[in-house]
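One structure is given below, encoded as structure tokens.
Throughout, read-outs are computed from the coordinates displayed, never taken from laboratory work. Since this is a predicted model, take the numbers as computed values, not measurements. Note that each Cβ is placed from the backbone with ideal geometry, even for glycine, and that neighbours are counted across all protein chains shown.
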């Protein structure tokens, strides 16, 4: 059983003014109440069955929260779980590129090109954890470095052939917009052709809107918000420092020199966001290789004295942004479980997607432009877009 829901996005063009935008969610945000009364291990078994999008990140955040709540001693497994998150992030980004981007060019996506991605995560799990068990509180590493390196090589080959037209590391040497444009002209990958189309249409800055990236969230302050009487409202429409913040690949990759230059020239609009996803994707193989060498190192349990006893918070950077899990335990079982997902930040009614859509020009291509902008911030559920 999967729990998803949908987003309803309505865009009302207003000539000469900001468009009116309505974003409504049917996501069942309180479904986590089914975990109440269950043991941590029961939750860790059931949770991946409920959340099929970014399931690795969801399970990792859950383990972190339980480990903190139970003050479980350190174990050298965190680097292994982070490797799985990177592989999941690569899969999610590649799916969007291979399955969604062709439609923006008027082409039919070929799902067979994404088929190799399905088998890679299970192979990774078996090469990292005994019996592939990555998310029990007793998980143990058994690192098969040869298999891991072979899978990373395979991922890099896929990226080279399907996305970058060559080595991802070489693509990352592009450090200014002119060189990026040259690359898009010289190559015929779906990514290159989409960037080329965006530039030829003059759409580079579409949806560039005032936005604030989600900062580091202090656990004591986060806990106060999630234990408050209005916590459900905060989860549904979160704000931080009185702002509906953004948590996206652009937020993570903003320190990249190419991204900074694109922001300077086009703001945080369509082109910048497309390239931020490509930058993150290109970085993943090298990041994974570095992590393979760290899988034997233990990380200390993070006991926060500001949190009440029996409370734990896990924070993970999932493909679409920051994911937070919070648990309260009472006598060894779950008293309360909460999840704050990146979709609620980015698709907040006054958030970055709404602000970007409000700025789109009222043209014949508005439906296509709006869909492309939404895709760059990629909700973790399906959505219906209606341009009125």
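Using only Cα atoms, locate the centre of the stretch 318-388 and the centre of the stretch 143-214, then give the distance between them in Å, rounded to an integer.
23
Okay, which of the stretch 4-24 sit inside 12 Å, backbone N to the point 7 Å along the Cα-Cβ direction of residue 362?
12-20
In degrees, nearest 10, range 0 to 90: what is the angle between the Cα axis of helix 366-377 and the longest Cα principal axis of the chain?
For helix 366-377, the angle is close to 30 degrees.
At 25 °C and a viscosity of 0.890 mPa s, what translational diffusion coefficient does Stokes-Einstein give for the stretch 230-388, taking Rh as the Kirkwood radius over Cα pairs? Give it in µm²/s as a whole number.
Roughly 134 µm²/s, to the nearest whole number.
Using 7 Å Cα-to-Cβ label points, what is the residue 309/residue 144 separation (nm, one decimal)?
4.4
Quote the convex hull volume per residue of the stretch 177-281, based on C-alpha atoms, as a whole number of Å³.
118
Using a basic spin-label model with each label point 7 Å from the Cα along Cα→Cβ, how many nm lie between residue 103 and residue 49?
Here the modelled spin labels are 3.1 nm apart.
Relative to the first principal axis of the alpha-carbon coordinates of the chain, what is the inclination of helix 78-95, with its axis defined by its Cα atoms, in degrees from 0 to 90 and to the nearest 10?
Tilt of helix 78-95: around 30 degrees.
Rounded to the nearest 10 degrees, what's the angle between the helix 55-70 long axis and the longest principal axis of the chain, both from Cα atoms, 0 to 90?
Between helix and principal axis, roughly 40 degrees.
May I ask what percent, to the nearest 5, of DSSP beta bridges between residues of the stretch 6-387 are antiparallel?
Antiparallel bridges make up about 75 percent of those DSSP assigns within the stretch 6-387.
Between 268, 19, 241, which gets the highest mean-square fluctuation from a Gaussian network model of the chain, Cα cutoff 10 Å?
Looking only at 268, 19, 241, the largest GNM fluctuation is found for 241.
Between residue 181 and residue 34, what length comes free when the chain is fully extended (0.36 nm per residue of separation minus the Cα-Cα distance, one decimal in nm)?
Computed gain between residue 181 and residue 34 is 47.9 nm.
Compute the distance in nm between two label points, each set 7 Å from the Cα along the Cα-to-Cβ direction, one at residue 26 and one at residue 130.
The answer from the label model is 4.5 nm.
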